[in-house]
Amino acid sequence: MNRRLLPLSITVLLFLGMAAFGALRYPGFLSPQVFLNLLIDNAFLCVVAVGMTFVILSGGIDLSVGAVVALTTMLSAALLNAGWNPWAAMATVLVLGAAFGAFQGLLIQRFGLAPFIVTLAGMFFARGCCYLISTESIPIGNATYTAIAQARIPVGFGGSLTVGAVIAVAVVLVAMRVAHSTEFGRTVYAIGGGESSARLMGLAVGRTRIAVYLLSGLAAALGGIVMTFYMLSGYALHAVGLELDAIAAVVIGGTLLAGGVGYVAGTLFGVLILGIIQTLIAFDGTLSTWWTRIVVGALLLLFCLLQRLFEARSRKAA
Amino acid sequence: MKRLARHALFWPTLTLLLLILVSAIFHPGFLAISWQNGHLFGNLIDILNRAAPLIVVSLGMTLVIAVRGLDISVGAVMAIAAVVAALMVGGSFSADGEVVSEHPLWLSLACALAVATACGLWNGLLVVKAGMQPIIATLILMVAGRGIAQLLTGGQIITVYYPPFFTLGNGHWAGLPAALWVAALLWLALQLLLSRTALGLFIRAIGGNPEAARVAGVRAGALTLCVYTFCGLAAGLAGLIVSSNVKSADANSAGQLLELDAILAVTLGGTALTGGRFTLAGSVLGALIIQTLTSMIYSLGVPPEVNLVVKAVLVFLVMLLQSPDFRALLAGLTRRGNTAR
Amino acid sequence: MNDGAIVLQARDISRAFPGVQALNGVGLTLRAGEVHALMGQNGAGKSTLIKVLTGVYAPDAGSIELLDRSGERRAVSPQSPLHAQELGISAVHQESHLLPNLSVAENICAGRYPRRPWTRGGGIDWRETNRRARELLAGLGIDLDVTRLAGGLPAAVQQLAAVARAVAGDARVLILDEPTSSLDAEEVRALFALLRRLREQGVAILFVTHFLDQVYEICDRITVLRNGGFVGEYACAKLDARGLVAAMVGRELVDSPPAPHTPASESAPPVLAARNLSRRGQLQPVDLEIKPGEILGLAGLLGSGRTELARLLFALDPRDSGEIRVGGQIADPADPSDALRLGLGFCPEDRKHSGIVAELSVRENIALALQARMGLGRFLRPAAQRELAEKLVAALGIKTASIDTPIGQLSGGNQQKAIIARWLATQPRVLILDEPTRGIDVAAKQELMNEILALANSGTAVVFISAEIEEVVRVADRILVMRDRAKAGELPRGAGEDAVFAMIAGGQ
């Protein structure tokens, strides 16, 4: 087997293993809708995590995504309640999300600031803006949004997906294409592999880095729109800790935190694993939901240590 | 005046004084201090008291940042320590109506601090031995730590009924709040350690140039481990102060976002995120600035949510001013190849 | 265009970085259909010049003129590597290893991927990419699976792939910085065959290497740099190997006679002895011993393994094999703090990167190693540090505004003296000095050399590494000559520079 696919295979096997465990232990686990629900309940995480994948592949990190998701829900709710056309509202928040991401990318690239701190401040800023709009939750009554939220697309086997889940799948497919077949995608991998080498090779490192953060902001805004369909409300406390879940999904999906190695498909499975942990705990009924945090933390640790081992082994071989 | 301006603590001190001044202008009586109920009372005292946990955490964070590291798990460690102490103290009514504790208070506090120290050690091992990036190593504890804390409490907020437990967060010694004494003593102890041993020199060497420090024979690995361990201890202490103050332990919200405040306090105080030279006094000032800002916003009638946005803008500004590329831009020079990238 | 027309003319190029003047009025003339060698020691400025030509750095002064495709000579100013490539200047840099996480084919074609037409789905045409890469490598005599990740390949193949990439871009000027450092004879032959083909096509090739025989095999002209300055341009036919080495390492005039040096006692047991010391990929097994009060010179060109040997002795790098004895006892230092406790000291070659802690004061830098040995508890108070530092500053003649000045503000020579002072404070049994006089003016150099002699006279053994052979010959009791990461031989005191040049330049 191609050695490159090893981390991804581990992730997929882990997912299948957990699914098998669930099937054996809990009756009714193997129903199609249970698995489709993984996508439905985690659609917004999936979209955000795809954006995060590109950032981490380039060797950076984006801690502001959760806050941008929340801000998107707040802005959407506020605009809709002010009478805006739903499509115009969606377009506006997407543009704002992209602009916010690009601004962070600019600070990181132009002034050499650490991505961690820039996006941390960005997180503060976006969350703060949420509170400035309202401290309370704002329900969304717009007809279009409600219709989209309630729509169900049958996919056979007696199961159905929401619009949000379909968006998530579409985002994954587009991102896979971008990562594999476009100059931009390959440059992202190149920067993660060795920024100074990539620069000396004449690759457009600066532009690509800014674009990566722009993409992450855009993905966060899109994830926010998906969350708006899911929750039908805007609330400053939405998506608290989402950035950590996104990072966990990306790492568990086999992407190296140091950058340069990983697949978008892996992130999809990372999200599914996070989803299935919660499903398993829900099916168990006796475990409290805090176990999710602990298991996620433990998985994160395991995968990080495996990554260190992998790096040390390949450095020795070289 | 220029020499004064170049002193490391000039800008933080000025900022703090400005904030106090603005608060005093808009809120008459802001500066008033009186003696009530056997202790000092007033807005300024209040600020000092509320800032105590942040000061303690910032002291630990300063040393970690000085060795080019970072610890974002401090909030979670605070929660864990608070929960351990609250659970061990418990509090039930005895036969004659008095509240007795499950375990002796000193034991409960000691265990809580021991657990927090172990958390710090854990972080240090991941960074030094496993070679993980500090952000990710401490992220793991940040994610899992709260889960563990919530597991221990079963998702409930643990209320403590045992009065002696409240002293740390609510009591007063010699007229000043107990929490303030703890923070001040910790600061003093650290300053003594830094001036009486080679610790300060070694930390600055490791942060300034880890390779050169290593070549010069400094045991960088062992020292870094100690620094992370201490940060965990400091977080534990802060957790005890907070839970003593609110007379309960809330695994979910104790220390929430405090790691961000601590990093901000350290950077406001003048310690660079790139490591090397550091200033404990600066971090104390930074913590006071943040607390004064919060109080000022509250007393101005501005919604407290503005706090976050203001903090964010502050962080952006401080970071930009610390960036050589930005300073070069301001000075009107830009030359390609100035910073190795 | 194969008529020897000047394709690239660089004049008076200067570039400074904080604390060091990397290039000072350097010129370079590259002609079509010619292989031009750029030679010089470490710190001579070769890499900086190449980075200026390829747009990584902007020069502080000077001009570059390029002959464009219509035959016009134009002034150009490359803004970035991408821009330089568009101008027709292509380079294989010394530190640009391939991107280890991408395939070989990707590394070769990155930035110039062949695309599939929109009608067939758009995006990168991977089949064509792989085919092109295969073809280019075949031209270099390599046949391998281009879809393999570059990271897993041996260094030699990576290097040739990097050359393939540079060649693919239809360049007018091709710059190769140390392209043969990990190639075997067969691969070098293939590379040179390619270079000859390119030469015939009229490409101007700039070739940086420290292998003298290769210079004479393939190059037509040589430009020599030393300490950031231009020494001269020579035709290969007119300059022999010894003359070339002499131009590179320079002959400094000695103003005053050296201080007297009492040679070490013949019968004394060695204070440091290493047997079979090696590290895979860094150093072949080497034996070495040194007596108290002896000065052992390590001579050799860039890349010969001198620094690697020093780092293994001081336990900065882990050794794969070998036994170290200090004072006759077997020792197993695992890291520098162990080595320090055994009585060893080490002044690194790159004082900026591994020597000084720039923000700390002179006083603290000097006290650092001694303090490290004393541990955390026994603290040298600032007053004691001051006393120690002042004594050493006076003894070594370190020029500093005050003992509390940040060491980063001192000149290179004074920084170097401060680092030596740091180790003197620990009163070591063996002191290893790696290029202590590099980048230092003549007067300071003289003082340093006298210091080293005085040190040896007082009983400390000194391992002295320098690229300036003349210096080594002047002070060393014995000279250990290194070549290509292995020991070439030893020469006794009194051996002249010529003997050393001969041993370095190639063994007969």
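The C-beta contact set for the range A:142-159 (first residue modelled with pLDDT under 90, second residue acidic (Asp, Glu), distance under 8 angstrom, 6+ apart or interchain) is empty.
Scanning the range C:372-384 for residues that are within 11 Å of another protein chain (Cβ to nearest Cβ) and either under 27 Å from the mean Cα position of the chain (by Cα) or surrounded by fewer than 24 Cβ atoms within 10 Å (Cβ to Cβ) (or both) yields C:ARG373, C:MET374, C:GLY375, C:LEU376, C:GLY377, C:ARG378, C:PHE379, C:LEU380, C:ARG381, C:PRO382. The residue that is modelled with the lowest pLDDT, among those in the range C:471-507 that are at positive phi and assigned to a loop (DSSP other than H, G, I, E, B), is C:GLY506.
Tally up the residues in the range B:99-130 that are over 20 Å from the mean Cα position of the chain (by Cα) and within 14 Å of another protein chain (Cβ to nearest Cβ), please. Qualifying residue count, the range B:99-130: 6.
Scanning the range C:79-131 for residues being under 25 Å from C:PRO59 (Cα atoms) and either among the small types (Gly, Ala, Ser) or at pLDDT below 90 (or both) gives a total of 18.
One line per residue, one yes/no per condition, for (1) farther than 30 Å from A:THR286 by Cβ; (2) within 14 Å of chain B (Cβ to nearest Cβ); (3) acidic (Asp, Glu):
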| site | (1), (2), (3) |
| --- | --- |
| A:LEU24 | no, no, no |
| A:VAL55 | yes, yes, no |
| A:GLY59 | yes, yes, no |
| A:VAL65 | yes, no, no |
| A:PHE124 | yes, yes, no |
| A:THR135 | yes, yes, no |
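Within the range C:434-470, the residues that satisfy the criterion of being modelled with pLDDT of 85 or more, surrounded by 21 or more Cβ atoms within 10 Å (Cβ to Cβ) and either hydrophobic (A, V, I, L, M, F, W, C) or not in a loop (DSSP other than H, G, I, E, B) (or both) are C:ASP434, C:ILE452, C:ALA456, C:ALA461, C:VAL462, C:VAL463, C:PHE464, C:ILE465. When each of A:GLU243, A:GLU195 is tested for being acidic (Asp, Glu), farther than 24 Å from A:ALA19 by Cα and buried (at least 23 other Cβ atoms within 10 Å of the Cβ), the lone residue that passes is A:GLU243.
Within the range B:74-89, residues that are without any contact (Cβ under 8 Å) to a residue 60 or more places away in the chain have Cβ atoms under 9 Å from residues that are buried (at least 24 other Cβ atoms within 10 Å of the Cβ) in these pairs: B:MET88/B:ALA112, counting only partners at least 6 apart in sequence or on another chain.
Which members of the range B:314-324 meet the condition of being facing chain A (nearest Cβ under 7 Å) and either in contact with an Asp or Glu (Cβ under 7 Å, 6 or more places away or on another chain) or not aromatic (Phe, Trp, Tyr) (or both)?
Narrowing the range B:314-324 to residues facing chain A (nearest Cβ under 7 Å): B:315-316, B:319-320, B:323.
Passing the criteria: B:VAL315, B:MET319, B:LEU320, B:SER323.
Report yes if some residue within the range A:252-264 is in a loop (DSSP other than H, G, I, E, B), without any contact (Cβ under 8 Å) to a residue 24 or more places away in the chain and within 14 Å of chain B (Cβ to nearest Cβ); otherwise report no. No; the residues of the range A:252-264 include none that is in a loop (DSSP other than H, G, I, E, B), without any contact (Cβ under 8 Å) to a residue 24 or more places away in the chain and within 14 Å of chain B (Cβ to nearest Cβ).
Within the range C:484-498, the residues that satisfy the criterion of being under 24 Å from C:THR209 (Cβ atoms), out of contact with any helix residue (DSSP H, G or I) (no Cβ under 6 Å at 6 or more places or on another chain) and buried (at least 17 other Cβ atoms within 10 Å of the Cβ) are C:ARG485, C:LYS487.
Considering every residue within the range C:348-360, establish whether at least one is within 25 Å of B:VAL227 (Cβ to Cβ), at pLDDT below 90 and of a type in the set (D, E, K, R). Yes. When B:GLY155, B:GLY147 are screened for being farther than 30 Å from C:ARG311 by Cα and not in a helix (DSSP H, G or I), only B:GLY155 passes.
When A:LEU256, A:LEU222 are checked against the criterion of being in contact with an Asp or Glu (Cβ under 8 Å, 6 or more places away or on another chain) and modelled with pLDDT of 85 or more, a single residue qualifies: A:LEU256.
Would you check if C:ILE398 is β-branched (Val, Ile, Thr), under 23 Å from B:ARG214 (Cβ atoms) and at pLDDT 85 or above?
no
Out of C:GLU349, C:GLU359, which single residue is within 12 Å of another protein chain (Cβ to nearest Cβ), part of a loop (DSSP other than H, G, I, E, B) and farther than 30 Å from C:ASP477 by Cα?
Working: C:GLU349 fails: farther than 30 Å from C:ASP477 by Cα.
Result of the check over C:GLU349, C:GLU359: C:GLU359.
For C:PHE17, the conditions (1) out of contact with any Ser or Thr (no Cβ under 7 Å at 6 or more places or on another chain); (2) away from chain B (no Cβ under 13 Å); (3) over 19 Å from C:VAL231 (Cα atoms) all hold with the exception of (2).
Residues checked against (1) at pLDDT 95 or above; (2) out of contact with any Pro (no Cβ under 7 Å at 6 or more places or on another chain); (3) surrounded by fewer than 20 Cβ atoms within 10 Å (Cβ to Cβ); (4) not aliphatic (A, V, I, L, M):
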{"residue": "A:PRO7", "(1), (2), (3), (4)": "no, yes, no, yes"}
{"residue": "A:LEU16", "(1), (2), (3), (4)": "no, yes, yes, no"}
{"residue": "A:TYR26", "(1), (2), (3), (4)": "no, yes, yes, yes"}
{"residue": "A:PHE35", "(1), (2), (3), (4)": "no, yes, yes, yes"}
{"residue": "A:GLY51", "(1), (2), (3), (4)": "yes, yes, no, yes"}
{"residue": "A:LEU63", "(1), (2), (3), (4)": "no, yes, no, no"}
{"residue": "A:TRP87", "(1), (2), (3), (4)": "no, yes, yes, yes"}
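Mind listing whichever residues of the range B:250-286 are in contact with an Asp or Glu (Cβ under 8 Å, 6 or more places away or on another chain) and closer than 22 Å to B:ILE80 by Cα? B:GLU259, the sole residue that qualifies. The lone criterion from (1) assigned to a strand (DSSP E or B); (2) under 18 Å from C:GLN94 (Cβ atoms) left unmet by C:VAL215 is number (1). Exactly one residue out of B:LEU223, B:LEU257 is of a type outside the set (D, E, K, R) and either within 14 Å of chain C (Cβ to nearest Cβ) or farther than 30 Å from A:GLY241 by Cα (or both): that is B:LEU223. Any residue that is farther than 21 Å from A:SER64 by Cβ, in contact with a strand residue (DSSP E or B) (Cβ under 8 Å, 6 or more places away or on another chain) and surrounded by 17 or more Cβ atoms within 10 Å (Cβ to Cβ) - is there at least one of those in the range A:139-152? Yes, the range A:139-152 has at least one match. Screening the range A:268-292 for residues that are at pLDDT 80 or above and in contact with a Lys or Arg (Cβ under 9 Å, 6 or more places away or on another chain) and picking the one that is farthest from the other protein chains (Cβ to nearest Cβ) gives A:PHE283. Among the residues of the range B:295-307, those identified as away from chain A (no Cβ under 13 Å) and surrounded by fewer than 19 Cβ atoms within 10 Å (Cβ to Cβ) are B:TYR298, B:SER299, B:LEU300, B:GLY301. Tallying residues that are in a helix (DSSP H, G or I) and within 7 Å of chain A (Cβ to nearest Cβ) within the range B:131-140 yields 4. Consider the range C:309-318 and keep the residues that are out of contact with any Asp or Glu (no Cβ under 8 Å at 6 or more places or on another chain) and buried (at least 22 other Cβ atoms within 10 Å of the Cβ). The one that is farthest from the other protein chains (Cβ to nearest Cβ) is C:LEU309.
The values are calculated or read from the model by the stated rules, or taken from the named source; none is laboratory data. Owing to the predicted nature of the structure, the values given are computational and were not obtained by experimental measurement. Positions of Cβ are backbone-derived with ideal geometry, glycine not excepted, and every protein chain shown enters the neighbour counts.
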